[in-house]
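In what follows, a single structure is set out as structure tokens and then discussed.
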Amino acid sequence: MKQIMDRREFIRLAAFGGVVFASGLHAADTSRGAASGKDFYFVQLSDTHWGFDGPPNPDSHGTLPKAIEAVNALSQPPDFIVFTGDLTHLTLDGQLRRARMSEFRDLVAKLKVRDIRFLPGEHDASVDHGEAFQEFFGPTHYTFEHKGIHFVALDNVSDPKGILGDEQLAWLAADLAKQSKDQSIVVLTHRPLFDLQPEWGWSTGDGARAIDLLLPFRNVTVFYGHIHQENEHMTGHIAHHAAKSLIFPLPPPGSPDHKPVPWDASQPYRGLGWREVKAETKKSNFEVHEHLIQGG
């Protein structure tokens with residue numbers, strides 16, 4: 001999909017002020033999606049890590065409820081909401097894992113929008129190959145259609161090696177074979193499909209095979225999580241957009257280490273947030289609106 005994220009420096013600077021509106025649009029413009037019958041917007045939240053407790057987030061039990069409250073307060077509700085993985089924090093205790101998933105499910109039930117899609121992260125699924133996740137949230141990979149856009153949710157975390165695997169790649173190939181080359185496609189996943197920082201686990205072992213399957217399609221955009229920060233990357237004409245976390249930010253790729261960024265009491269919730277994605281289906285454009293978590 002032709003991207004309109006060419007004001008990257010503006011977006012990077014404006015993000016420190018609270019909310020980013022790409023292409024100079026005001027937040028109220030999101031209502032146009034519902035009015036047009038075709039254009040729409042959805043909300044992406046990621047890396048909530050429910051069950052994490054302690055530094056570097058002294059409000060570890062508060063940031064997800066704050067995000068839920070903010071989404072519920074939107075003047076125009078999104079068409080749907082997607083959580084792109086790491087819903088819960090890693091534990092080797094299967095009973096505790098299910099308890100955290102149950103608590104998370106109860107919390108997000110407070111969202112006014114009822115159409116909510118879930119993807120696993122490695123914290124949710126790598127220990128038991130997604131068994132508990134599927135009990136609570138359903139399949140780990142799937143497709144759905146929404147107002148002319150084909151959405152593909154991929155699972156690159158249930159295999160502890162951080163790969164999609166031959167079976168899922170064959171499934172993806174079969175799904176894409178049904179689509180026209182002009183079909184607008186959005187891919188949702190947890191890990192980046194490209195090699196952002198493989199030594200940190202910021203990659204998918206066989207992600208290049210998925211990208212090769214997607215490249216023949218002219219209008220493809222990928223939204224993912226995992227790296228706890230905004231990041232934009234192009235593989236050919238395919239744009240990849242990473243989302244902020246709702247628990248703690250991580251340093252940018254290439255830093256000396258990838259330990260969580262320390263909490264800054266003078267700038268609480270810095271680097272934490274969620275996003276709206278507005279789809280203009282006639283133009284095959286996506287506008288990304290970033291929201292920072294606000295204290296309360």
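Nothing in this text is a laboratory measurement; each read-out follows from the coordinates by a stated rule. This one's a predicted model, so the numbers in the text were calculated from it and none came from an experiment. Quick reminder, even Gly has a Cβ in these numbers, built from the backbone with ideal geometry, and neighbours come from all protein chains shown.
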Starting at the first residue of the stretch 98-110, write each ³J(HN,Hα) from the Karplus equation 6.51 cos²θ - 1.76 cosθ + 1.60 with θ = phi - 60°, in whole Hz, x for Gly and Pro.
5, 5, 5, 5, 5, 4, 4, 4, 5, 5, 6, 5, 7
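Taking the Cα centre of the stretch 63-129 as the origin, how large is its charge dipole in debye, to the nearest 20, when only Lys and Arg (+1) and Asp and Glu (-1) carry charge on their Cβ atoms?
240 debye
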Any idea what log10 I(q)/I(0) is at q = 0.12, 0.18 Å⁻¹ for the stretch 60-165, Debye with uniform C-alpha scatterers and no solvent?
-0.43, -0.93
Compactness relative to 2.2 N^0.38 Å, alpha carbon Rg of the stretch 96-221
1.11
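Using only helices, what value at 222 nm comes out for the chain when you add -39,500 (n - 2.57) per DSSP H run of length 4 or more and divide by the total residues, to the nearest 500 deg cm²/dmol?
Details: 8 runs with 68 residues, N = 296.
Calculated mean residue ellipticity at 222 nm is -6500 deg cm²/dmol.
Plugging the Kirkwood radius over Cα pairs into Stokes-Einstein for the chain, at a temperature of 4 °C and a viscosity of 1.567 mPa s, what D comes out in µm²/s? Walk me through the intermediate numbers first.
Numbers: Rh = 19.2 Å.
Here the translational diffusion coefficient equals 67 µm²/s.
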For a quick check, take a GNM of the chain with Cα springs below 10 Å and name the residue from Leu111, Leu92, Leu188 with the largest mean-square fluctuation.
Leu92
Enumerate the aspartates and glutamates that Lys147 could reach by cross-link, defined here as Cα to Cα under 17 Å, with residues fewer than 8 away along the same chain left out.
Asp39, Asp79, Asp115, Asp182, Glu276, Glu280, Glu287
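What order, most packed first, do the peptides 144-157, 41-54 have when packing is the mean number of other Cβ atoms within 10 Å of each residue? Present the calculation step by step, with values, prior to reporting the outcome.
Details: 144-157: 20.1, 41-54: 22.5.
Listed from highest to lowest mean packing, they are 41-54, 144-157.
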Binning at 5 Å from 0, report for the stretch 188-254 what percent of all alpha-carbon pair distances ends up in each bin.
4, 18, 30, 26, 14, 7, 2, 0
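Out of the GluC sites (Glu not before Pro) in the stretch 223-296, which ones are loop residues according to DSSP with at most 14 other C-beta atoms within 10 Å? It would help to have the intermediate numbers written out before the result.
Working: sites: Glu230, Glu232, Glu276, Glu280, Glu287, Glu290; in loops: Glu230.
Answer by residue number: there is no such site.
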Remind me, what semi-axes does the stretch 161-287 give for its equivalent ellipsoid, largest first in whole Å, using sqrt of 5 times each Cα gyration tensor eigenvalue?
29, 19, 11
Select from Tyr269, Ser75, His190 the residue farthest towards the positive end of the dipole of the chain; place +1 on Cβ of Lys and Arg, -1 on Cβ of Asp and Glu, and compute about the Cα centre.
Ser75
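Would you order Phe80, Phe286, Phe194 from fewest to most other beta-carbon atoms within 10 Å of each residue's own beta-carbon? Display every interim value, and only then the final one.
Numbers: Phe80 17, Phe286 24, Phe194 20.
So the residues, fewest neighbours to most, are Phe80, Phe194, Phe286.
May I ask you to sort Arg209, Arg100 by Cβ crowding, counting other Cβ atoms within 10 Å and putting the fewest first?
On the way: Arg209 17, Arg100 24.
The most exposed by this proxy come first: Arg209, Arg100.
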